[in-house]
1. For residues that are in contact (Cβ under 8 Å) with a residue 24 or more places away in the chain, under 15 Å from residue 173 (Cα atoms) and either crowded, with 20+ Cβ neighbours inside 10 Å or in contact with a strand residue (DSSP E or B) (Cβ under 9 Å, 6 or more places away or on another chain) (or both), tally how many sit in region 87-136.
2. Being touching a residue at least 12 places away in the same chain (Cβ under 8 Å) and closer than 25 Å to residue 125 by Cβ narrows it down to one of 276, 234, 174, so name that one.
3. Starting from residues that are touching a helix residue (DSSP H, G or I) at 6+ places or on another chain (Cβ under 8 Å) and surrounded by fewer than 21 Cβ atoms within 10 Å (Cβ to Cβ), keep the ones in region 241-258 and report whichever is nearest to residue 311 (Cα to Cα).
4. Looking at this structure, is residue 183 under 30 Å from residue 2 (Cα atoms), within 12 Å of the chain's Cα centre (by Cα) and either surrounded by fewer than 20 Cβ atoms within 10 Å (Cβ to Cβ) or not assigned by TED's automatic domain parsing to the domain that holds residue 236 (or both)?
5. Among 270, 307, which is in contact (Cβ under 8 Å) with a residue 24 or more places away in the chain, in contact with a helix residue (DSSP H, G or I) (Cβ under 6 Å, 6 or more places away or on another chain) and assigned to a helix (DSSP H, G or I)?
6. Yes or no: region 292-303 includes at least one residue that is surrounded by 12 or more Cβ atoms within 10 Å (Cβ to Cβ) and modelled with pLDDT under 85.
7. Listed residues 56, 44, 12, 77; which is buried (at least 24 other Cβ atoms within 10 Å of the Cβ) and in contact (Cβ under 8 Å) with a residue 60 or more places away in the chain?
């Protein structure tokens with residue numbers, strides 16, 4: 001394990017075939033107003049077949065703290081982030097997707113808040129960029145700039161909370177704590193929803209965090225290669241991710257309190273994928289049904305029924321009833 005350097009911020013960027021956007025991401029790091037902070041940039045080239053690596057190398061002079069880590073085979077975003085984290089030496093760390101960018105004050109603002117508030121991690125707002133349209137999206141916590149209990153912000157059940165704000169790049173994290181608590185790495189078996197599991201574990205297992213009014217991450221949506229634009233087996237990563245989330249919650253001392261939120265979130269995502277399933281190939285639809293049935297057999301029928309009956313959309317109750325006939329969502 002690498003030793004940590006106080007005053008250093010590590011930025012981990014997983015990149016696969018990002019020649020169209022990687023220069024924007026790196027330019028935003030060149031323009032950071034860091035003050036006393038030192039920057040380390042760890043770009044993990046996930047076996048790209050385009051000019052991504054060459055473009056990253058062209059920034060070595062402009063970004064003295066830049067390191068390019070090359071993977072021999074394409075391993076996915078979790079493995080790429082982990083490869084960067086394994087070599088990170090910053091007191092704090094964060095993530096930047098290769099098609100997004102930071103405003104010039106972003107890193108210093110988050111690092112100073114982490115230091116001054118003595119918290120384990122901070123989260124921030126972000127700006128969604130769709131073509132030429134930019135819209136600020138606020139993290140679902142009204143209390144800003146003060147220490148909060150992460151577990152307290154798992155709820156409410158029936159409206160957005162911080163575990164629904166599943167963007168690991170909209171935050172900064174205290175490296176030593178995350179290592180010591182075993183929260184540092186992502187599950188490499190997950191090809192999607194890995195960020196949801198990671199953030200759930202943070203909220204269940206850390207003591208203090210803060211939310212900042214700083215919409216300083218620019219997040220591109222609707223790009224051709226994004227997960228929302230593909231309809232193959234990669235869509236099914238949410239199923240094993242939620243199997244793990246439910247397991248983590250069940251083993252927590254406050255499981256009874258937090259499990260309804262985990263179930264509600266899982267059910268909502270199931271419904272989302274059921275709605276999209278008409279676009280999936282038949283073999284993917286079948287695999288989704290089979291995998292979901294396996295997860296539902298691990299869920300207490302009474303708890304699931306209570307959560308499903310509180311959902312305000314009849315179609316969702318119908319879908320859940322279909323996934324486990326006779327127990328979930330069925331009328332008395």
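The values are calculated or read from the model by the stated rules, or taken from the named source; none is laboratory data. Keep in mind the model is a prediction, meaning the values are calculated, not measured. All Cβ positions, glycine included, derive from the backbone under ideal geometry; neighbour counts span all protein chains shown.
1. 24
2. Residue meeting the stated conditions: 174.
3. My answer is 246.
4. When the stated conditions are applied, residue 183 does not pass them.
5. So the residue among 270, 307 that is in contact (Cβ under 8 Å) with a residue 24 or more places away in the chain, in contact with a helix residue (DSSP H, G or I) (Cβ under 6 Å, 6 or more places away or on another chain) and assigned to a helix (DSSP H, G or I) is 307.
6. Yes; the residues of region 292-303 include at least one that is surrounded by 12 or more Cβ atoms within 10 Å (Cβ to Cβ) and modelled with pLDDT under 85.
7. One residue alone meets the criteria, 12.
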